[in-house]
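Here's the structure, in structure tokens; my notes come after.
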Amino acid sequence: MVKNLVIVESPAKAKTIEKFLGKDYTVTSCYGHIRDLAPDKLSVEVEKNFEPHYEIPDDKKKLVRELKKLAEEAEMIWLATDEDREGEAISWHLKEALGLKNDSIKRIVFHEITKNAILQAIASPRSINENLVDAQQARRVLDRLVGFELSPILWRKIKPALSAGRVQSVAVRLVVDREREIIAHKASDFYKISAVFNVKTKDGKSAELKAELPQKLKSAEEAGSFLNECTKAIYSISDIEVKPAKKSPAAPFTTSTLQQEASRKLGFSVSQTMMVAQKLYEAGHITYMRTDSMNLSELALESAEKKIKESYGEKYHKRRQYATKSKGAQEAHEAIRPTYMENEEVGGDNSSKRLYDLIWKRTIASQMANAELERTTVKIDISTNKSQLQAQGEVLKFEGFLKVYLEGKDDEDEESEASGMLPPLSKGQELDLRYMQAIQRFNRPAARYAEASLVKKLEELGIGRPSTYAPTISTIQKRGYITKENREGQTRKYTVMTLKNGEVATKEEQENFGAEKGKLFPTNIGMVVNDFLIDHFAGIMDFNFTAKVEKEFDEIAEGGKDWQKMLGSFYFPFHKTVEETQNKKVERKEVHLGTHPETGEPMIGKVGRYGPYVQIGEGSEDEKPKYSKLKSGQLLETITVEDALELFKLPRTVGEFEELEIVADIGRFGPYLRHDGQFYSLPKTLDPLEVTEEQAKELISEKREAKKKQEIKTLEYEGKPLRILNGRYGPYISYNRLNVRIPKDKVPEDLTLEEVAELVQNHKKSPPKGKRKAKKKT
């Protein structure tokens, strides 16, 4: 007989909580959601006031039976799922699926998994908050309606197997808009003037002073004229201004700021950050990781104060409480912080240690004193010109929070060369010019989004909430609308003019620019879907409209709005647009690149069933037009006739290996090599138009070697090859399109044909969970 049954979402969380409760409590896990809308049908009765139909997935049915049995034996059931809307909905689904009565359940929430927090939650239970459940249901149902009505239109009008989503499609739009902004950017140049002076110090030694002209010069002529005017100039210090300054620490982490900073400092993706933070939370190391609050509890403030004073001294402490900026802040009551401030580090894997270190430092720094600086600005007169050069220096007088932590930046501007430590200087002092330069520079387009900066933008626009950022970013990449890539830059020449020893010399130098690391790029299909949705479903794609829907979810959560009425006001106008669009003739997007230089035929770019391609001519009854797929990274909007002509050099004979031809081409799944009837995928580092015979031979040999290592044994069964292979998750049998796991107590090398055949037959009789048997036609 179970006296008290506590149900949480994950086994790790259950294990941590069980340590804090006595023998009268049994803690178990429901492994997240136990009910959801059926994946293969709408599961929403629009005519019956948007009534949702939930079902228990096949892989959760056994678990639900076990939970039901435990619940029937228990005197009291404590629903201890997460404290946000998603967690509230899971508790409600548990109540419904397990058939629990109100007088036998108690809902408890906590922001951190510590003994004190758990015992306090047990001491102050509440009932399930129906408003939070309704807000989550509204989001789930609305997103299902949008997905189920939009996706079939995309299949018919653009390409099969596409899908759309309310928040995801807006996120794609942001990336597409930014890419087009970059494509449209016209680089203009300017000239930056910098000078280096020799300064005599009191002890007779020579020091260096760097200065700059604050203004940018518009042309080479203007820059050259400026340098020529300075050939016989005298330079003297006209003013030295010393000002105190201060820097304040950043606020404690919210979900969004943690994702951004973990991306900048640790190189984590958004989903990786959330996965690691979840582990830290469930182990009791940090507070709840889905929050848009910057608030710290009184206990946290006191603990931080104690730690700072003990470790750094009283003057380093400054008590601070930060106001939450997000209007819709509703997910939690506190920022992300360590549960125990005295723990500077925790155990676990390397990722957990690094993320915890970041959270600890950020939290502690937020309660520390300002850094105190002294900024010096030196103005330098030029006797032959009215302009002044300027040098800047900064001296750190008191570290304050900088002793622990400094917030990172996304796209930092070029640092001024005329800043740093300054030598001793005095007003009126003459300076000896070592050299002066005018360097050609180019204005840059807006930066492409990284995962974390896209989250930041979504948050600024009021789109999505802490629980939606990571799945949104993951979904648009899985759907192939956005790709996260590193891309090599290009080279360009720039001009450097140097004034030295009274003479001006000009030379050309070369630089790399535009290299990208871990940035988000739209794909051709992402751009086509984006344009289609903007043309026909402007409301869904409107940033303000999407933010307005989020606010309505917040109003439902606060009890100020009926969720079904809210759905009605959205759905019926939306459904009308869907019906109108279904009956419209939509022209497939085509890009006219120009004409073939030899034949004069039109060259056209399109998106087809297997992705983007270019074709030559329109074709006829007797002859089909020539086609070629685009390479990875090429966009229909930017590809030129010259680029397209290069693609038609494929398939290309690379050379020979073992007296057989090696051919490079681009197929449905990307670039590849074909040799002796086998296909070998080309990595991103090798271009099918440029791969050499030697590189091809090396790749084929490496792939063969890897395949040999993968193969343990090859047999024949029922006239077909049966292979025992080493896989990612251990050894398995590959036979007739079936993959059969080999039990751990079996040695793959020792398996006989009879034993392997038995494993295959058993697999056929009872396929793995999650794979449904096809229904027999009647």
Members of segment 1-11 that are within 16 Å of Leu63 (Cβ to Cβ), open to solvent by 20 Å² or more (accessible area, probe 1.4 Å) and in contact (Cβ under 8 Å) with a residue 24 or more places away in the chain: Glu9
Residue identified as among the basic types (Lys, Arg) and open to solvent by 50 Å² or more (accessible area, probe 1.4 Å) among Arg448, Arg465, Arg444: Arg444
Restricting segment 121-141 to residues that are open to solvent by less than 50 Å² (accessible area, probe 1.4 Å) and either without any contact (Cβ under 8 Å) to a residue 24 or more places away in the chain or among the small types (Gly, Ala, Ser) (or both), the residue that is nearest to Tyr54 (Cα to Cα): Ala138
Tally, over segment 565-594, of residues that are within 30 Å of Glu555 (Cα to Cα), open to solvent by less than 40 Å² (accessible area, probe 1.4 Å) and small (Gly, Ala, Ser): 1
Residues being in contact (Cβ under 8 Å) with a residue 60 or more places away in the chain and assigned to a loop (DSSP other than H, G, I, E, B) - total across segment 568-626: 4
Segment 630-666, residues that are on the phi < 0 side of the Ramachandran plot and within 28 Å of the chain's Cα centre (by Cα): Leu630, Lys631, Ser632, Gln634, Leu635, Leu636, Glu637, Thr638, Ile639
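Taking only segment 212-222 into account, find how many residues are open to solvent by less than 50 Å² (accessible area, probe 1.4 Å) and in contact with a Lys or Arg (Cβ under 9 Å, 6 or more places away or on another chain).
Residues that pass the stated criteria total 3.
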Output for segment 402-437, where each listed residue is outside any loop (DSSP other than H, G, I, E, B), of a type in the set (Ser, Thr, Tyr) and either modelled with pLDDT of 65 or more or closer than 30 Å to Lys456 by Cα (or both): Tyr435
Qualifying positions in segment 736-752 - farther than 23 Å from Ser681 by Cα, in contact with a strand residue (DSSP E or B) (Cβ under 7 Å, 6 or more places away or on another chain) and surrounded by 12 or more Cβ atoms within 10 Å (Cβ to Cβ): Val740, Arg741, Ile742, Pro748, Leu751
Criterion (at pLDDT below 95 and open to solvent by less than 20 Å² (accessible area, probe 1.4 Å)) met by exactly one of Thr491, Thr475, Thr546: Thr546
Residue, farthest from Glu659 (Cα to Cα), within segment 700-746, restricted to residues that are in a loop (DSSP other than H, G, I, E, B) and among the acidic types (Asp, Glu): Asp745
Options Ala121, Ala171, Ala187, Ala164: the member that is of a type outside the set (Val, Ile, Thr) and over 27 Å from Ala450 (Cβ atoms): Ala121
Residue among Ser297, Ser225 that alone is of a type in the set (Ser, Thr, Tyr), at pLDDT 95 or above and surrounded by fewer than 21 Cβ atoms within 10 Å (Cβ to Cβ): Ser225
Members of segment 283-308 found to be acidic (Asp, Glu) and part of a loop (DSSP other than H, G, I, E, B), listed by number: Asp292
Selection status of Ala262, surrounded by 13 or more Cβ atoms within 10 Å (Cβ to Cβ) and not in a helix (DSSP H, G or I): no
Subset of segment 265-277 [of a type in the set (S, T, N, Q), under 14 Å from Pro466 (Cβ atoms) and either open to solvent by 50 Å² or more (accessible area, probe 1.4 Å) or touching a strand residue (DSSP E or B) at 6+ places or on another chain (Cβ under 8 Å) (or both)]: Ser271
Where Lys41 falls short, out of the listed (1) surrounded by fewer than 21 Cβ atoms within 10 Å (Cβ to Cβ); (2) in contact (Cβ under 8 Å) with a residue 60 or more places away in the chain; (3) assigned to a loop (DSSP other than H, G, I, E, B); (4) out of contact with any Asp or Glu (no Cβ under 8 Å at 6 or more places or on another chain): (2)
Qualifying positions in segment 169-209 - crowded, with 18+ Cβ neighbours inside 10 Å and under 30 Å from Ala547 (Cβ atoms): Ser169, Val170, Ala171, Val172, Arg173, Leu174, Val175, Val176, Arg178, Glu179
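Quick one: would you say Ser206 is out of contact with any Cys (no Cβ under 9 Å at 6 or more places or on another chain), free of Cβ contacts under 8 Å to residues at least 24 places away in the same chain and within 22 Å of Gln388 (Cβ to Cβ)?
Considered against the rule, which asks whether it is out of contact with any Cys (no Cβ under 9 Å at 6 or more places or on another chain), free of Cβ contacts under 8 Å to residues at least 24 places away in the same chain and within 22 Å of Gln388 (Cβ to Cβ), Ser206 comes out as no.
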Filter result for the condition that a residue is closer than 20 Å to Lys157 by Cβ and under 29 Å from the mean Cα position of the chain (by Cα), over Phe537, Phe553, Phe545: Phe537
Test: residue in segment 501-511 that is part of a strand (DSSP E or B), acidic (Asp, Glu) and in contact (Cβ under 8 Å) with a residue 60 or more places away in the chain: yes
Leu673 within 26 Å of Asn726 (Cβ to Cβ), assigned to a strand (DSSP E or B) and open to solvent by less than 70 Å² (accessible area, probe 1.4 Å): yes
Any hit, segment 374-395, residues being at pLDDT below 95, hydrophobic (A, V, I, L, M, F, W, C) and open to solvent by 70 Å² or more (accessible area, probe 1.4 Å): no
Among residues of segment 631-659, those that are open to solvent by 70 Å² or more (accessible area, probe 1.4 Å) and within 11 Å of Ile700 (Cβ to Cβ), counted: 1
Residues of segment 52-107 that turn out to be open to solvent by 10 Å² or more (accessible area, probe 1.4 Å), touching a strand residue (DSSP E or B) at 6+ places or on another chain (Cβ under 7 Å) and of a type in the set (Lys, Arg), as a count: 2
Verdict on Val6 being in contact with a strand residue (DSSP E or B) (Cβ under 9 Å, 6 or more places away or on another chain) and in a loop (DSSP other than H, G, I, E, B): no
Filter result (over 23 Å from Ala706 (Cα atoms) and in contact with a Leu (Cβ under 7 Å, 6 or more places away or on another chain)) within segment 717-760: Tyr717, Leu753, Val756, Val760
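The values are calculated or read from the model by the stated rules, or taken from the named source; none is laboratory data. Just so we're clear, the structure is a prediction, and the values are computed from it rather than from any experiment. When we count neighbours, we look across all protein chains shown, and the Cβ atoms used for this are built from the backbone with ideal geometry, even at glycine. Keep in mind that these areas ignore ligands, DNA and RNA; they rest on the heavy atoms of the full protein, side chains included. Shrake-Rupley method; radii C 1.70, N 1.55, O 1.52, S 1.80 Å.
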